[in-house]
Amino acid sequence: MTQLALIIDLNVCVGCHACVTSCKEWNTSGPAGPMSDENPYGADPTGVFFNRVQTYEVGTFPDTCTLHFPKSCLHCEDPPCVPVCPTGASYKRKEDGIVLVDYDKCIGCQYCSWACPYGAREFDEKQKVMKKCTLCVDRIYSETLPERDRKPSCVLACPTGARLFGDVHDPESNVSRAIRDNAGYDLMPEWGTHPANHYLPRRRTTMTIHEDELIRADNPLKIDGKQPKPTTQQPTLDDSTSW
Amino acid sequence: MASTPVHDPIGSPSADANLEVRTTTCYMCACRCGIRVHLNGGEIRYIDGNPNHPLNKGVICAKGSSGIMKQHSPARLTQPLRRKPGAKRGDGEFEPISWEETFRLLSDRLEHIRKTDPKKFALFTGRDQMQALTGLFARQFGTPNYAAHGGFCSVNMAAGLIYTIGGSFWEFGGPDLDRAKLFVMIGTAEDHHSNPLKIAISKFKRDGGRFISINPVRTGYSAIADEWVPIKPGTDGALMLAIIHELIAMGLYDREFLARYTNAGELVNLDEAHDEFGMFVRSEVPKEEGCFDPQNKLWWDRITNRPVITHAEGADPFLFGEFTMPDGTKVKPSFQLLQERVKDYTPDWASKITGIPAATIHRLAYEMGVTARDQKVELPIAWTDAWGKEHETVTGNPVAFHAMRGLAAHSNGFHTIRALGILMSMLGTIDRPGGFRHKAPFPRPIPPCAKTPNTDRAVKPDSPLDGMPLGWPADPDDLFVDDEGNPVRIDKAFSWEYPLSVHGLMHNVITNAWRGDPYPIDTLLIFMANMGWNSTMNTAEVRNMLNDKNESGEYKIPFLVVCDAFQSEMTAFADLILPDTTYLERYDVMSMLDRPISEFDGPVDSIRVPIFPPKGDCKPFQEVLIELASRLKLPAFSNQDGTRKFRDYPDFIVNYETAPGSGIGFLSGFRGKGGEKSMVGEPNPRQLEMYEANDCVHHYELPLSYQYMRNWNKGYLEWSQRNRITRYADPIQLHIYSEVLQSFRLAAQGKGITRKPPKHLKQRVESFFDPLPFYYEPLETQVTDLHKYPLSAVTQRPMAMYHSWDSQNAWLRQIHAHNYLMVNASTAKAAGIEDGSWMWIESQWGKVRCMCRYSESVEPGTVWTWNAIGKSAGAWNLSPDANESRLGFLLNHVISEELPSKSGGVVSNSDPVTGQAAWFDVRVRIYPAQPEEPQQSWPQFEPVKPMPGTQPRLGKWLQYFAGKKK
Amino acid sequence: MKPPFSVIFLTTLIGVGQGLFLALYAGQLYSFLDLIPNQDSHDFYAVGSLIVMLFLVGGLIASFFHLGHPERAWRAASQWRTSWLSREVIALPAFMGVVFIYGVCHWFNWHPLVLDLSDTYHVDFTLLLGAVGVLLSFVLFICTGMIYACLRFMQEWHTPLTPLNFILFGGASGFLAASVFSSFSAPELTRFFAGWAITLTILAMLSRSFTLLRNARIRPKSTMSTAIGVKHPHIVQISPGSMGGSFNTRAFFHGMSGRFMRMIKPAFILFSFVLPLILMATGMTSATALITAFIFQYLGLLAERWFFFAEANHPQNLYYKRIA
Ligand SMILES: Nc1nc2c(c(=O)[nH]1)N[C@H]1C(S)=C(S)[C@@H](COP(=O)(O)OP(=O)(O)OC[C@H]3O[C@@H](n4cnc5c(=O)[nH]c(N)nc54)[C@H](O)[C@@H]3O)O[C@H]1N2
Ligand SMILES: Nc1nc2c(c(=O)[nH]1)N[C@H]1C(S)=C(S)[C@@H](COP(=O)(O)OP(=O)(O)OC[C@H]3O[C@@H](n4cnc5c(=O)[nH]c(N)nc54)[C@H](O)[C@@H]3O)O[C@H]1N2
Ligand code: SF4
Ligand code: SF4
Ligand code: SF4
Ligand code: SF4
Ligand code: SF4
Ligand SMILES: [Mo]
């Protein structure tokens, strides 16, 4: 069985919001659109987005880490939003695990959004139906797009390649490997929703320098008749032995 | 209740089958990525990155993806507008006029100015990328008063590095992250090379590279750095110098590189009595005419222990020591002078200034030095150096740096950046794999050949300017001053006040013109710059100046023309508004004559093609310039008989040559009759079509052996000379020690044969034109009571907004509708300010009320906010209660464009060497707003009305659906 | 959560209706058992059922305001296998149907005999139908309660106490309504209904107080750490990615001040429980006292239901805390 998903690599995400607006532009004119905007040029502009990039700070100065955190529907394997929907408008596709909303059936009761612990659904206040990330289901199988482009819009847009797309049930897929190799994790595991989307944590590269590396025999100072500055002022043998 | 039919996302297949796809170049920012515009029924279905484009390789950013909303913005200007008779500037009372009337009005006025005193016309342009055309227009008109945004942007970065290594970051070169092992990013938030840098950083990190960010704030790119080094703003010079100190002390520099490829071993004349004091001693070889670096300097050879001409066969210079020339002149290698200079710049010293622990500074130096030395990259690429020596391989020391406005936008930025250039050179990382890499047309000789005229007599009625309006002075004789040493330009660029102001000082134009200092002007044409708001310091006052009248009731700046595509804050002050097209409605050129989009491996330039016809009555500014130039019969735009030479801009792009038959035009690709030539060649009538068929881009890949070490790569230098990129093929030695600076200092000391500065500027020139970098406190800090104003305030760019111009974009403004002042929680608490509450930020120049947000990602002595999110009410056709004006704020109100000068009077708040605007020097204090104060940002401005011709603002809902009503 | 007013009215109104029906049926059952005096089928049971219907219809109408597409409401019945909301959507009309037929039978005094248990106990159709109604009323209570209680991560709701409270509140307010009703149409039953109302109100108060105590002690299972998957005690949100707000910042935050939240709790306890109890205890036979008690209790229940939503802390809120 296939379970398509996005893997977000927090190690390289710079919080540029490319995935946010590329998602909007693709989807607003597609079957999942339009994605209505309220007060577009007035106070408190707000609208439907399927994907948002949030920012968190971890730690206190100076040991602070700024974390950019993109979040869209996680296409849970056990999606609490689906069984609660009274109309069947919310459903999870058997063939690829994508969780979708059929706008034609949706009565706009918003119950599914209560049932999503992740805040991944957004109600379209103009169209009065529930919306969410479609995993670009209209792109990934589209026969009219060239092979290369049959990926979610946000994945193609992302300048850092922080968004991977693939089948998390296939152990050999790029995404499964990425999860395995980089300790990928899922959000709020405590609720047993088994989100298909995973996140890859920050990884840190450090460098250790040994003192001898600083002195080295091939030090160029010698060429100009200068020695490197001694790094230790400790006493030597001469100070303590007598022959 | 009526229901709108909606669709199952997997229901009917979308009508994408009949999409039309056009390629062009994005201009939602200055990065200039390749894009594909997908159209459905003539409307934009979506815009994505062009996978074939060398820059962005298919990716796109938040702004680029929101191009749709720019095209549909209600702030679009669609007709030429004239200020209503009797209405005040700034009130935004306009009436539409026809283009014919507009042209008549303009050409009459300009013709008169050109006949009488061409410098009374000033043309200043902002974030455009068509200086090739605007500069040409100004020069042909005959005015010296032309510049683009560089002076208030990052000229320190350009000048500091170009005067040191013959190239720079910004749009001229960058870090080779494909091969680097250690990447040190300093003072960069987003930068111009937005997408490519993001692609490169993430690949670098994935390959296990180590990424260190030096910045008072940790956001954006810095967020994913392996290590964040918080630094106090304006103190990087101290850090760089301390690192240099440590590298020398530990011998962690690339001696071979320094000796051969820099002037480190060249001998400096130390005879104080000598006219050539502090200059390099030279062999008897007579100095050739030209602007290159003649190869006539001396080394003290280690092997033979005597002075020899540099690069003499078998010789190797001492880098340290003191020597006496046969004629008794005391000399030292310049590296010895550098060592003496940094002797006291110890990590402990720098620690107190920068706030960075001394241990960290030591470690930074060691990491750089050891990585550079021990992790060398060797590529099997044979090449020949300028002295004819063959090299089997290209080696690189994989430490890459990137720095931008965090270094540039300080009044001590030039020397800081010089220090960085020297540091990069000491590590041996210039144009080598894993280090810094040039982008064509760089490297250039130090300094580049372009020169301004050096006398006011170059400005003559009815004739083109005798020289370039902007250039690269090599010594005081290149200054653009009159016989008394007074500035010729309205912005005082290339004067003794800011001698190396190679990009002009746009930030002082309005103030100077208003004051009539050095002289009043008549017509000011501003193109693509929002000088009534975010590209000006002291914004509220500058707005008053634009409105100020003299005793006779005339505006002090008599005629103000603004060319903009949107109803910006600036347009409200115009007497005449020229409505421009958007990037999807015009031809544009990213020209080799301006700043192209070259890659490390060779020149790249590109074009934009119109996807849509101009909206309403708007017209590309290029067409306006060509029309005006033709009406004014400017020589380059006219035939011998005075008739018009170019039909329109596309015709101009294809057929213009810098000189008759030069074969150099705006575009370097598909030249020659059939488009078979690159770089140089006859005009090709089908050039634009060929560009279009090639994704609107031309990429010339250099042979591998020309791709590295280009400062000294014989093959490359000759190629570049043959292709008219440079005039000379001489090697470009790196300037550890700057003779150019010393020549100014000598003049100030009354020595040498060049012109001398006026008395009141002698001391200024003498102290700031130090041939070796040194650290001084930013000028504003020097005139600030730091007890009263202890904090630094800086801005940075949000990745999802471009300056002020995206607030009209319905999608982007949802991401940044307003801004907060980000304050370290401990600093805010100490000031009694609560998270999320209203507060004041005050400098000695002004104050702003704003909202506070606690943050741990900012150094406690610094506060910051996003740049240009706050707006003036009603501008950009936003409703007057929009968040941008009610809750957002502009930091510029607390920044001054001038500082009290030590010698009395005022000087520009700029770097004394380059005239770079010192945006980030401002010192502030913060305190809570009183509970009874309005919950609103301050200052507030009278809301401006929507201009005629702008679309009525949409009501409550926007439901974009391309191609069909849904 | 941001309390949705349509849902507050829906649950409280049908709660009264369901409780009132239980009361009517209790009356019929008691009188069947000869424990209380018989009442007129038409004047008491039929009119009573009509009042029940009014409450139910009122709730139904309120619920429609909650829907984006009420015209498609019929679709909501399709997912009864998995969705408590769907089950509610079935149970409510089913219950209304039964109440309607029950009322009509009484209206026309139509009591076909179904079963003779003995000489005295003649089980007629309405008694059986009423039993079905009672069953459906409980099913409906459970459906309504489970809509909330089934959401695992809504820790304040995810407890059997939620449906229990719904039953007790509905019961209390329904019996109180019955006592008001009977004070006009069958004064001899007022004490009977009021007595029950007092009992149920006390039970409701106990159960609700227990819930309050329980909820006060909840330690949220989801934390910033589990939300973003970073283990660190100090994690602060800087930006949710949208300055002008989004559905997620609007629908899940009540937006009221801490002071208001502190006041609303004693207020609903006072109005739903304390005041009605005092009024009922002191003025059991006074119609005015009972009406006042009912109004107080209903207002109290509105506040209680408001608080029920507002108190629930949705884990999604972790992602939408601060803007910048
Ligand atoms: N406090 C503070 N101030 C700063 C800076 C800072 O860091 N801090 N940074 C400075 C820097 S580096 C810069 S470059 C400046 C930038 O400042 P500006 O050059 O003023 O840039 P924008 O705000 O983008 O304004 C450009 C104008 O061009 C218009 N425009 C957009 N597209 C088109 C077009 O196609 N045609 C025409 N004709 N007009 C168009 C926009 O409507 C807008 O009015 O700001 C400077 N100001
Ligand atoms: N999305 C987007 N991209 C843009 C632009 C835009 O408006 N939006 N503008 C374009 C333009 S015109 C320009 S000039 C470039 C500028 O691009 P950047 O050079 O990245 O400029 P800023 O965003 O001003 O960021 C300045 C950084 O320097 C830091 N800083 C300030 N003072 C100091 C200091 O003393 N030392 C150090 N080490 N750091 C310091 C600030 O915290 C901030 O992170 O971006 C270009 N790209
Ligand atoms: S596009 Fe990529 S880098 Fe940018 S915010 Fe989204 S995930 Fe992060
Ligand atoms: S993230 Fe939310 S909306 Fe998406 S499948 Fe999981 S529960 Fe449903
Ligand atoms: S809002 Fe629509 S999708 Fe969500 S539960 Fe209700 S009917 Fe289902
Ligand atoms: S997968 Fe598609 S719908 Fe989902 S966030 Fe990405 S672009 Fe949006
Ligand atoms: S980085 Fe600039 S040029 Fe490139 S896609 Fe984004 S807005 Fe367009
Ligand atoms: Mo800039």
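Coordinate-derived values only; no laboratory data. Bear in mind that the values here come from a model prediction, so they are computed numbers and not experimental data. We place every Cβ from the backbone using ideal geometry, glycine too, and count neighbours over all the protein chains shown.
The dipole here belongs to region A:15-110: it is taken about the Cα centre, uses +1 on the Cβ of Lys and Arg and -1 on the Cβ of Asp and Glu, and is about 180 debye.
Here's the picture: charge each Lys and Arg Cβ at +1 and each Asp and Glu Cβ at -1 in chain C, and of C:S49, C:W157, C:A289 the one pushed furthest to the positive end of that dipole is C:W157.
When B:I162, B:I309, B:I60 are arranged by Cβ crowding within 10 Å, least crowded first, meaning fewest neighbours, the order is B:I309, B:I162, B:I60.
Calculated over region C:161-289, the projected area of the Cα convex hull averaged across directions stands at 11.4 nm².
Summarised as an ellipsoid, region A:47-163 has semi-axes of 27, 21, 13 Å, derived from the eigenvalues of the Cα gyration tensor scaled by 5 and square-rooted, with the largest first.
Per the Debye calculation on region B:422-465 with a single equal scatterer at every Cα and no solvent contribution, log₁₀ I(q)/I(0) for q = 0.18, 0.24, 0.32 Å⁻¹ amounts to -0.68, -0.91, -1.10. Selection among B:A249, B:V281, B:L267 by position relative to the dipole of region B:193-297 gives B:A249 as farthest towards the positive end (Cβ unit charges, Cα centre). Per residue of B:878-888, other chain Cβ atoms within 10 Å of the residue Cβ number 4 on average. Between A:N51, A:N182, A:N39, the Gaussian network model of chain A with springs among Cα atoms under 10 angstrom shows the greatest mean-square fluctuation at A:N39. If both residues of a DSSP beta bridge must be in the protein assembly as shown, then about 70% of such bridges are antiparallel. Between B:I309 and C:S207, the simple spin-label model (points 7 angstrom out along Cα→Cβ) gives 10.5 nm.
A simple charge model with +1 on the Cβ of Lys and Arg, -1 on the Cβ of Asp and Glu and nothing else charged puts the dipole of region B:435-482 at about 460 debye relative to its Cα centre. Of all DSSP-defined beta bridges confined to chain B, some 65% are antiparallel rather than parallel. In plain terms, the bigger the Kirkwood radius, the slower the diffusion; for region C:95-141, with that radius from Cα pairs, at 4 °C and 1.567 mPa s, Stokes-Einstein puts D at 116 µm²/s. Built from the Cα atoms of region B:88-233, the convex hull projects on average onto 13.8 nm², one quarter of its surface area.
Relative contact order of region B:281-438, taken over Cα pairs closer than 8 Å and 6 or more residues apart, is 12 percent.
Were the residues from B:D517 through B:Q782 laid out at 0.36 nm apart, the gain over their Cα-Cα distance would be 92.9 nm. Which lysines have a Cα lying under 19 Å from the Cα of B:K847, excluding residues fewer than 8 positions away in the same chain? The qualifying lysines are B:K788, B:K871. The protection proxy used here, the mean number of other Cβ atoms lying within 10 Å of each residue, ranks peptides B:32-45, B:574-587 as follows, highest first: B:574-587, B:32-45. Each semi-axis of the equivalent ellipsoid for region B:198-345 is √(5λ) with λ an eigenvalue of the Cα gyration tensor; in descending order they amount to 39, 18, 15 Å.
Separation of region B:238-314 from region C:259-324 is 86 Å, based on Cα centroids.
Across peptide C:62-69, the average count of Cβ atoms from other chains found within 10 Å of a residue's Cβ is 6.
Note on chain C: GNM, Cα springs under 10 Å; of C:M280, C:M205, C:M261, the largest mean-square fluctuation is that of C:M261.
Compared with the rule-of-thumb size 2.2 N^0.38 Å for a compact globular protein, region B:722-778 has a Cα radius of gyration ratio of 1.48. Enclosing the Cα atoms of region B:524-647 in their convex hull gives a volume equal to 161 cubic angstrom per residue. Counting other beta carbons within 10 Å of each residue's own, what order do B:M947, B:M325 fall into, fewest first? Ascending number of Cβ neighbours within 10 Å: B:M325, B:M947. Taken about its Cα centre, chain B carries a charge dipole of about 1520 debye when Lys and Arg each add +1 at the Cβ and Asp and Glu each add -1 at the Cβ. The C-alpha atoms of chain C occupy a region whose extents along the principal axes are 76, 46, 31 Å, arranged from largest to smallest. Beyond 18 Å in Cα-Cα separation lie the following of the pairs B:K181/B:K232; A:K24/A:K132; A:K92/A:K132; B:K297/B:K451; A:K105/A:K128: B:K181/B:K232; B:K297/B:K451. Take the Kirkwood radius over Cα pairs of region B:382-461, plug it into Stokes-Einstein at 10 °C and 1.306 mPa s, and you get 101 µm²/s for translational diffusion.
Ratio of Rg to Rh for the protein assembly as shown: 1.06 [Cα atoms; Kirkwood radius as inverse mean 1/r over pairs].
When you filter the trypsin sites (Lys or Arg not before Pro) in region C:1-105 for DSSP loop state and at most 13 other Cβ atoms inside 10 Å of their Cβ, you are left with C:R81.
Based on C-alpha pairs under 8 angstrom that are at least 6 apart in sequence, region B:93-251 has a relative contact order of 12 percent.
Against the empirical 2.2 N^0.38 Å (N residues), chain A has a Cα radius of gyration ratio of 1.49. Note on region B:441-597: Cα-only Rg and Dmax are 17.4, 52 Å. Fraction of C-alpha pairs exceeding 14 angstrom in region B:215-286: 76 percent, rounded to a whole number. Scaling against 2.2 N^0.38 Å puts the C-alpha radius of gyration of region B:600-734 at 1.24. Considering only A:V168, A:T205, A:I98, the residue lying farthest towards the positive end of the dipole of chain A is A:I98, judged by Cα position with unit charges set on Cβ.
Taking region B:856-883 and a reference point 7 angstrom along Cα→Cβ of B:Q935, the backbone N atoms nearer than 18 Å belong to B:881-883. Residue order for C:T159, A:T193, B:T116, C:T144, fewest other beta carbons within 10 angstrom first, comes to B:T116, C:T159, A:T193, C:T144. Here the relative contact order of region B:361-468, from alpha carbon pairs under 8 Å that lie six or more residues apart, stands at 21 percent.
Working value for region B:130-179: equivalent-ellipsoid semi-axes of 28, 12, 9 Å, each the square root of 5 times a Cα gyration tensor eigenvalue, largest first.
Take the convex hull of the alpha carbons in chain B; its mean projected area over all directions comes to 40.6 nm². Distance distribution note for region B:821-950: the fraction of Cα pairs above 18 angstrom is 60%.
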